[in-house]
1. Apply the Kirkwood formula to the chain: the hydrodynamic radius equals the inverse of the mean of 1/r over all pairs of different alpha-carbon atoms; give it in Å with one decimal.
2. With only Lys, Arg, Asp and Glu charged, each at its Cβ (+1 for the first two, -1 for the last two), find how big the charge dipole of the chain is about the Cα centre; round to the nearest 20 debye.
3. Taking only protein heavy atoms and a 1.4 Å probe, what accessible area per residue, in Å², does the chain have with all protein chains in place?
4. Using each residue's phi in the stretch 63-69, evaluate 6.51 cos²θ - 1.76 cosθ + 1.60 at θ = phi - 60° and report the 3J(HN,Hα) Karplus result to the nearest Hz, with x for Gly and Pro.
5. Considering Cα pairs under 8 angstrom that are at least six residues apart, work out the relative contact order of the chain and quote it in whole percent.
6. Using a 1.4 Å probe on the protein heavy atoms only, what accessible surface does residue 12 show? Give it in Å² to the nearest 10.
7. From the phi of every residue in the stretch 41-53, what ³J(HN,Hα) in whole Hz does the Karplus formula 6.51 cos²θ - 1.76 cosθ + 1.60 yield, where θ is phi - 60° and glycine or proline is x?
8. Can you send over the carbon and sulfur percentage of the accessible area for the chain, probe radius 1.4 Å, protein chains only?
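The values are calculated or read from the model by the stated rules, or taken from the named source; none is laboratory data. Given the structure is predicted, the values throughout are model-derived calculations rather than measurements. Reconstructed Cβ throughout: ideal geometry from the backbone, glycine too, with neighbour counts over all protein chains shown. Note: accessible area is taken over every heavy atom of the protein model, side chains too, but ligands, DNA and RNA are not part of it. Shrake-Rupley method; radii C 1.70, N 1.55, O 1.52, S 1.80 Å.
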Amino acid sequence: ADAHGRGEVTRVIQGIVTGIGFLGAGVIVKEGFTVRGLTTSASIWVASAIGVAIGTGSYLSGAVAAVLTLIALALPLE
């Protein structure tokens, strides 16, 4: 991670966070009194966080987060 200079990793992560913020906001749609797309937006955020964790070398944390995310998304709403 240090091959191209100091601070490059944090710049990459900052770019990811900015881009995912725009993608997540674009998924959320308000129709009257109904808001749709919150779960999709949260899933995009979690997937990017897992990708950043694995990309920085935290393989165990990324794997645990992936399993917990799959469990949470598989649970019935009611």
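1. For the chain, the Kirkwood estimate is 14.3 Å.
2. Approximately 120 debye in magnitude.
3. Result: 78 Å² per residue.
4. Taking θ as phi minus 60°, the curve returns 5, 5, 5, 5, 5, 5, 5 Hz for the stretch 63-69.
5. Reported relative contact order: 20 percent.
6. Looks like 90 Å² after rounding.
7. So the J values, rounded to whole Hz, are 4, 5, 5, 5, 4, 5, 4, 5, 5, 5, x, 5, 4.
8. Ligands and nucleic acids excluded, carbon and sulfur reach 69 percent.
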